[in-house]
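Structure, as structure tokens:
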Amino acid sequence: MDIVFWILTALILLILLWVVFLLSFQFVFITFGFLKPKVFPKAKTLRKFAIIIPAHNEAEVIGDSVKYLLNELDYPQDLYDVYVCADNCTDETFELAKQAGAIVYERHCDDPDKKRAAFPIKLLIDEVMKSDKGYDAVIKFDADNIPSKNYLHAMNNALEAGVTIARAHEAPSNMGQNLWTSVSACYYARDSRLACNFRERVNWNSMLSGAGMMVSLTVLKETGGWDAMGGIDDAEFTVKRLLEGRHVNYVSDAIVYEDQPSSRADSAARNARMANGLAKLYKQSAWDLFKMFFKTGNLSYLDMFAQLSFVPLPMLLGISIPIYAVFFFVTLGLEAGGINVYSMFTPGLNGSAFWTMMWVLIGAAIAVAFYYVLWTYQSWLGVYLDRAILDKDWYKQAKKGIWLGAFAMIVYGSSVSSGTRKKKVVWKQIKRNKK
């Protein structure tokens, strides 16, 4: 029993230290949260963009999205085109996208291993690269995304400044709908306005997000096109480029408004799918990033390693803490019943073992409290700093996410843990909230 006690204690302490390491980056982001966003100088030359949208059964939103992109952006219409891939659709996505003015392709594939967004993305990028229209960069949107009117100007400014790969600033389009959209909105405000903004100001890399990411044609030609074919294509593309020594920027004034999942089931489905892809990416590449940190001394690689390391964390905590607590109370009961569980080298639960386990559990409780305070403050700060681009009633719409977000993340953690454990997560339709 002594060996079990010391092994469990050592493991739980290592996991708690791991949590502290991961949260230390979040503490840095909060500390420097009020850093002004970087704005790239106004470009002297206007470049040409290909906007691509992979779409699976998106008839509810695709028409309006394409019309908005083609008619509402503050950028010369002859300098960009919208491409849509109707991927394995059983609705009118193809027809509606074409009617709205997009260049549309259809893709049908019965292979279940090829029914994910990476394949229509690759198809569209291949078509763009074969085109003789002279595009300078590709921008990828999801079917429900609505970018700010100055979006292409912001990305064009970044291109002229030497940026070749960039992520956008993500904001919610339905923050005040309910608890789930409010929580998700707070998460993205925290991620873009705090984490990515700090990274850009200190010249670290940001993780690409599928909503509004930009890649220059130069990079795509050098990499042979789209080469991230896993379940979490944007993150995979990021890691591959970082390991090549390329840089991924964050463009703060390229804002994209994204429809957030509005139910627990939809949130869980999205989180499980993302976690499944990230878990595989973690196994494939996380330690390569860790080694790159020691090879280069660049803290950005350690930060990216930490981002991926959050994925297995819910599963580790969900297994280790209950086991340790059960072990504590079972041995406590045995000792109270007069059964000597520990040897003379490890005094029982009225001696060193008791206080060791008590302090571990107290430490875990303190970590939970610290997590709640940290998450709640981050949520408030991210939304507060984003208030200028959100609704004027930003606090009213975000308050559920601010105060209850830490608890909702525990619920999210169960879906993340589920996605991490499974070999494959089946894609599920998420309800769109039509604008």
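When residue 246 is tested against (1) open to solvent by less than 20 Å² (accessible area, probe 1.4 Å); (2) part of a loop (DSSP other than H, G, I, E, B), just one condition goes unmet, and that condition is (1).
Could you please find all residues in region 101-116 being in a loop (DSSP other than H, G, I, E, B), open to solvent by 80 Å² or more (accessible area, probe 1.4 Å) and either under 14 Å from residue 50 (Cα atoms) or touching a residue at least 12 places away in the same chain (Cβ under 8 Å) (or both)? Across region 101-116, the qualifying residues are 108, 115, 116.
Contact annotation: residue pairs with Cβ atoms under 7 Å, 6 or more positions apart or on different chains, pairing a residue in region 188-211 that is in contact (Cβ under 8 Å) with a residue 60 or more places away in the chain with a partner that is open to solvent by 10 Å² or more (accessible area, probe 1.4 Å) and among the hydrophobic types (A, V, I, L, M, F, W, C), are 193/385; 194/30; 197/35; 198/28; 198/32; 198/35; 201/35; 204/299. Any chance you could count how many residues in region 19-46 are open to solvent by less than 70 Å² (accessible area, probe 1.4 Å), part of a helix (DSSP H, G or I) and touching a residue at least 24 places away in the same chain (Cβ under 8 Å)? So the count comes out to 9. The one condition from (1) in a helix (DSSP H, G or I); (2) within 17 Å of residue 176 (Cα to Cα) that residue 391 does not meet is (1).
Only one entry in 369, 398, 364 is open to solvent by less than 50 Å² (accessible area, probe 1.4 Å), modelled with pLDDT of 75 or more and under 30 Å from residue 327 (Cα atoms), namely 364.
Among the numbered conditions (1) open to solvent by 10 Å² or more (accessible area, probe 1.4 Å); (2) farther than 23 Å from residue 160 by Cα, the only one that residue 253 does not meet is (2). Among the residues of region 4-17, is any touching a residue at least 60 places away in the same chain (Cβ under 8 Å), within 25 Å of residue 256 (Cβ to Cβ) and either of a type in the set (Val, Ile, Thr) or buried (at least 18 other Cβ atoms within 10 Å of the Cβ) (or both)? Scanning region 4-17 turns up no residue that is touching a residue at least 60 places away in the same chain (Cβ under 8 Å), within 25 Å of residue 256 (Cβ to Cβ) and either of a type in the set (Val, Ile, Thr) or buried (at least 18 other Cβ atoms within 10 Å of the Cβ) (or both).
Residue 136 satisfies every condition listed in (1) open to solvent by 30 Å² or more (accessible area, probe 1.4 Å); (2) among the acidic types (Asp, Glu); (3) within 20 Å of the chain's Cα centre (by Cα); (4) closer than 24 Å to residue 245 by Cα except (3).
Would you call residue 376 surrounded by 14 or more Cβ atoms within 10 Å (Cβ to Cβ) and modelled with pLDDT under 85? Answer is no for this residue.
Of all positions in region 50-65, none carries a residue that is modelled with pLDDT of 95 or more, surrounded by fewer than 17 Cβ atoms within 10 Å (Cβ to Cβ) and more than 28 Å from the chain's Cα centre (by Cα). Regarding region 313-324, can at least one residue be identified that is within 17 Å of the chain's Cα centre (by Cα) and in a helix (DSSP H, G or I)? Scanning region 313-324, I find at least one residue that is within 17 Å of the chain's Cα centre (by Cα) and in a helix (DSSP H, G or I), so the answer is yes.
Quick test for you: out of 81, 87, 74, pick the one residue that is modelled with pLDDT of 95 or more, within 23 Å of residue 251 (Cβ to Cβ), acidic (Asp, Glu) and open to solvent by less than 50 Å² (accessible area, probe 1.4 Å).
Working: 87 fails: within 23 Å of residue 251 (Cβ to Cβ); 74 fails: open to solvent by less than 50 Å² (accessible area, probe 1.4 Å).
That would be 81, the only listed residue that is modelled with pLDDT of 95 or more, within 23 Å of residue 251 (Cβ to Cβ), acidic (Asp, Glu) and open to solvent by less than 50 Å² (accessible area, probe 1.4 Å).
When residues in region 194-243 are screened for being in contact with a Gly (Cβ under 9 Å, 6 or more places away or on another chain) and either under 17 Å from residue 284 (Cβ atoms) or open to solvent by 20 Å² or more (accessible area, probe 1.4 Å) (or both), 7 of them pass. Can you confirm whether residue 173 is out of contact with any helix residue (DSSP H, G or I) (no Cβ under 7 Å at 6 or more places or on another chain), surrounded by fewer than 20 Cβ atoms within 10 Å (Cβ to Cβ) and in contact (Cβ under 8 Å) with a residue 24 or more places away in the chain? For residue 173, the condition - out of contact with any helix residue (DSSP H, G or I) (no Cβ under 7 Å at 6 or more places or on another chain), surrounded by fewer than 20 Cβ atoms within 10 Å (Cβ to Cβ) and in contact (Cβ under 8 Å) with a residue 24 or more places away in the chain - is met.
The values are calculated or read from the model by the stated rules, or taken from the named source; none is laboratory data. Remember, predicted model here, so these are calculated numbers, not experimental data. For neighbour counting, all protein chains shown are included, and Cβ atoms are generated from backbone atoms with ideal geometry for every residue, glycine included. Ligands, DNA and RNA are excluded from the accessible area calculation, which covers all protein heavy atoms including side chains. Shrake-Rupley method; radii C 1.70, N 1.55, O 1.52, S 1.80 Å.
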